[in-house]
1. Tell me what the chain gives for mean residue ellipticity at 222 nm when only DSSP H runs of n ≥ 4 count, each as -39,500 (n - 2.57), the sum divided by the residue total, rounded to 500 deg cm²/dmol.
2. Name the GluC sites (Glu not before Pro) in region 1-79 that are in a loop by DSSP and that have at most 11 other C-beta atoms within 10 Å, would you?
3. By count of other Cβ within 10 Å, fewest leading, how are Ile42, Ile47, Ile14 ordered?
4. What's the center-to-center distance, using Cα atoms, between region 1-57 and region 61-115 in Å?
5. For a Förster distance of 22 Å, can you work out the FRET efficiency between the beta-carbons of Ala11 and Val31, rounded to the nearest 0.05?
6. Just need the relative contact order of the chain here, percent rounded to a whole number, with Cα pairs under 8 Å and 6+ apart.
7. Most fluctuating residue of Val86, Val39, Val50 in a GNM of the chain with Cα springs under 10 Å: which is it?
8. For region 7-101, which trypsin sites (Lys or Arg not before Pro) pass both filters: DSSP loop (anything but H, G, I, E, B) and at most 10 other C-beta atoms within 10 Å?
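Readers should treat all values here as calculations from the given coordinates under stated rules, not as data from a laboratory. Small disclaimer: the values here were computed from a predicted structure and weren't measured. Note that each Cβ is placed from the backbone with ideal geometry, even for glycine, and that neighbours are counted across all protein chains shown.
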Amino acid sequence: MADCLFCKIVAGEIPAKIVKRSADALAFRDVDPKAPVHVLVIPTRHIPAVRDAKGEDSERLLGSLLTFAAAVASEQGLDGEGYRIVTNTGRNAGQSVDHLHLHLLGGRKMSWPPG
């Protein structure tokens, strides 16, 4: 999508601190981190939100995004103490960019409930 911030990051039009890349996913550091490790994991194709990921191919993509995020967490040294993976859908949930993304948070103790 031409005006999507995250699509522009995927295309290399906007710089980001890339952590890991695959054909289907991209992980990069959040510009406003909420934890010592705060990485965003996004699909390389535009999907507005998790509610828009429909069909067999999208189910495979959602599974691969979680697997990719877990690999990033491991590479960031978060396996021992743990980490959180969050996705927000819609404005009331805090989604600020209309491109499906997972927040990978770690490096500190998380509280519950969030928000």
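1. -7000 deg cm²/dmol
2. Of the GluC sites (Glu not before Pro), the ones in loops of region 1-79 whose Cβ has at most 11 other Cβ atoms within 10 Å are Glu13.
3. Ile14, Ile47, Ile42
4. 12 Å
5. With a Förster radius of 22 Å, E is 0.80.
6. Computed value for the chain: 30 percent relative contact order.
7. Val86
8. Filter output for region 7-101: Lys17, Lys54.
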